[in-house]
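One structure is given here, and the rest of the page talks about it.
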Amino acid sequence: MNKYTIKDFNKTFPDDDSCLEWLRNYIYPEKIVCPTCQKPTKHHRITTKKVYGCDYCGHQISPTAGTIFDHSSTPLKLWFYAIYLMSSTRCGISAKQIQRETGVTYKTAWRMFNQIRSLLQEGYKPTQGEFEADETYIGGKHTRAKEVVAQRIKLRYSV
Ligand SMILES: [Zn+2]
């Protein structure tokens, strides 16, 4: 496989919206089953927020809920960029380097560093443009798939 470069990364993830869209598609590989009306729908993006709304009842789903990106004021693109940096460097990079590359504070960089490191240890590799999603669950039970994925990408806040 060719090396996944920063150019590839920027093409896949040009902005926060594309990161969110990617996350949505990863967590919900097919349609989203609305927890309120129980209908499987595509859901539409609510542009002012990081959420998607049910096409029928308007119930909102947040792809970042339960993930390391939840409750973070750091833009998704920076998170993804930090993941890219950490997963594409064989020897690994430090929290200090993340701070320098992304422009976040050291405290934030340190928190990101720890959370991403745990993710990577669990085999989360977004820089390939795809995750090794559990194939057994794809195409079947959405709720189960979401649980599994959410567990895999969920991390405790360690700061
Ligand atoms: Zn609904």
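What follows draws every value from the coordinates through simple rules; no lab data is involved. Computed from a predicted structure; not experimentally measured. Note that we place each Cβ from the backbone using ideal geometry, even for glycine, and neighbour counts take in every protein chain shown.
Placing pseudo-labels 7 Å out from each Cα toward the beta carbon at TYR56 and ASP70 gives an inter-label distance of 2.6 nm. Charge tally around TYR56: other residues with Cβ under 14 Å, Lys/Arg +1 each, Asp/Glu -1 each, net +2.
Charge tally for SER72 (other residues, Cβ to Cβ under 11 Å; Lys, Arg +1; Asp, Glu -1): +1.
I need the shape label for region 1-84. Rule: rounded when a/c is under 1.5, else prolate if a/b > b/c, else oblate, with a, b, c from the alpha carbon gyration tensor. Prolate. Given their separation in residues at 0.36 nm each and the Cα-Cα distance between them, LYS11 and SER118 gain 35.9 nm when the chain is fully extended.
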